[in-house]
Amino acid sequence: MWVQPPFRRFLIKVSGLRGNLALAGGKGLREMSISRTMIGVAAFAACLISAGSGLAVEAEAKSAVNVRTGPGTSFGVVDQLTAGEVVNVTECAPSNFCFVEHAGPDGWVSANYLTAAEEEDEPEMAEGGGDNPDCSFGFVVGPGGPSMSINCGDAPMPPAPPSPPEDEPGACLYTGNSFSGDDLCVGIGIRNSLNATFNNKISSIELTGGAKAMLCDGPNLTGVCKNITNDTAPLQPAINNKTSSFSIYLGAPPMPEPPDAPVTFSTGPINLQQTYLADLDNGSVVNDSSSDIWYEAETATEKYITPKNGAMIALGDGTNRGFDGCSEELFSTVRVPLDDIPPGTYVCMTTDEGRISQFRFNGFTGTTMKLGYTTWAN
């Protein structure tokens, strides 16, 4: 991405009644005599404006420097300026190289090696107002060619135009592997999920304004995450066509936001008699369609915990898994023999209303099961 280099200012000071202005005309330059009156200055400005892009500015080589065929060090050398050699600058490129005309082959020179040409001493003139009757003509050399400003008397030279603003920090993500296909351009921020157009389909990325990116293969900046600090096409295999969330940031990469803590919907003890049913959404012992578990007794010794009304059960390893662990279990509607649930065992459930629940079998009082349960709202 090209960034406009700072403008270079060349100053030609006109003392007394005359100054020299280089106008377009090939290698041969015409000299114009400039009156110091305001009419003369106005006419001079008109001439500068009519010169258009053909305006040339005199500059001097600060040291020996190569003259190249194009605006950059990758171009071939056709000549070399000597220290103090005066040249005419006709244009400058964003690469901070300027095209110069001189006695040898014309070409491009790094602007870092050019300075304003030394002015010649002129005899002071009696005419003119102000403590400093000199007029100064300032030239700002930009990509479109030199431009001009005029200052007479004691007023200071106007400042150079400000440099264009830098690109805003951000990124463009592409589904193609060479900055092609569908694109998603964003500023600084986090996308915890992506739509079907971009989810698991991002293959290249461009960064602007010093931004960086963290691409993750899981939602909410989870799973495998890779930090990208430069334009990249295609992405590395670990994340190519696998991104499901990302963060565009400056400085250090962000930490993923912690997930919301589970919210308890209901909790408490349940004393469940043999052949009775319980509702894990509110902890009540019931005998209707809102029940979730049934203490089923086929015989005095063959007993089960049986899911009811769409509820499902997962014995798992019997440990206390909490909301997160139960959320990851594989549930079924198959009843579990009570012999597989010794006292101290935790059992995960999903209720008939779709909530995650867990109960602990604490033991018996007679044939009554004593349970402690928690059901979450998430």
For this session: For ASN271 paired with PHE331, estimate the spin-label separation in nm (one decimal), with each label point 7 Å from Cα along the Cα-to-Cβ line.
Result: 2.9
For this session: Hey, could you grab the Kirkwood Rh for region 278-378? Inverse mean 1/r over distinct alpha carbon pairs, Å, one decimal.
Result: 13.5
Exercise. Tell me, what ³J(HN,Hα) does each residue in region 308-321 have, in order and in whole Hz, if you take phi through Karplus 6.51 cos²θ - 1.76 cosθ + 1.60 with θ = phi - 60° and put x for Gly and Pro?
Worked result: 9, 6, x, 5, 9, 10, 9, 6, x, 8, x, 8, 7, 9
Seminar exercise, completed: A correct Karplus calculation of ³J(HN,Hα) over region 278-291, with 6.51 cos²θ - 1.76 cosθ + 1.60, θ = phi - 60°, whole Hz and x for Gly and Pro, returns 10, 9, 7, 6, 9, x, 8, 8, 9, 9, 9, 6, 8, 6
Seminar exercise, completed: Magnitude of the Cβ-charge dipole (Lys and Arg +1, Asp and Glu -1) of region 215-312 about the Cα centre, nearest 20 debye, reported as 420
For this session: Could you list GLU298, GLU91 in order of exposure, starting from the residue whose Cβ has the fewest other Cβ atoms within 10 Å?
Result: GLU298, GLU91
Exercise. Once label points are set 7 Å from the Cα along Cα→Cβ at both SER178 and ALA300, what is their separation, rounded to one decimal in nm?
Worked result: 8.3
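Laboratory data are not the source of any read-out in this text; all were calculated from the coordinates shown. Keep in mind that this is a model prediction, so the values were computed, not measured. When we count neighbours, we look across all protein chains shown, and the Cβ atoms used for this are built from the backbone with ideal geometry, even at glycine.
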